[in-house]
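The values are calculated or read from the model by the stated rules, or taken from the named source; none is laboratory data. The structure displayed is predicted, hence computed values, not measured ones. Ideal geometry is used to build each Cβ from the backbone, glycine not excepted, and the neighbour counts take in all protein chains shown.
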Amino acid sequence: MTVVSMCVSGIPKIILTLEEMHIAKPESREVVNFLRNTLKMRVAMITGDNKHAAFKVARYLGIST
C-alpha cells in the first residue's frame, strides 16, 4: 500500500492510501512457470524499482529472493 500526503505550512491537508492493484501482467506467472517447469530454466528478476516493490513482484511471480 502506498500512502500519499500533502502538507501546507507543515499541516497535513490531504492523506490517502492507494492499494497497488496491478503487480505484473496477468500472464507473467504463466510465463515464469513455463520457463521454470517446461524449459527447466532458472528464473531471476532484475529491476531498478525500489526494494519493497521488487520483493512484492517476486513473491507474486513465485521467484525466490
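In this structure, is residue 18 surrounded by fewer than 10 Cβ atoms within 10 Å (Cβ to Cβ) and modelled with pLDDT of 80 or more? Criteria not met by residue 18.
If we scan region 42-54, do we find a residue that is at pLDDT below 85, touching a strand residue (DSSP E or B) at 6+ places or on another chain (Cβ under 6 Å) and not in a helix (DSSP H, G or I)? The answer is no; no qualifying residue exists.
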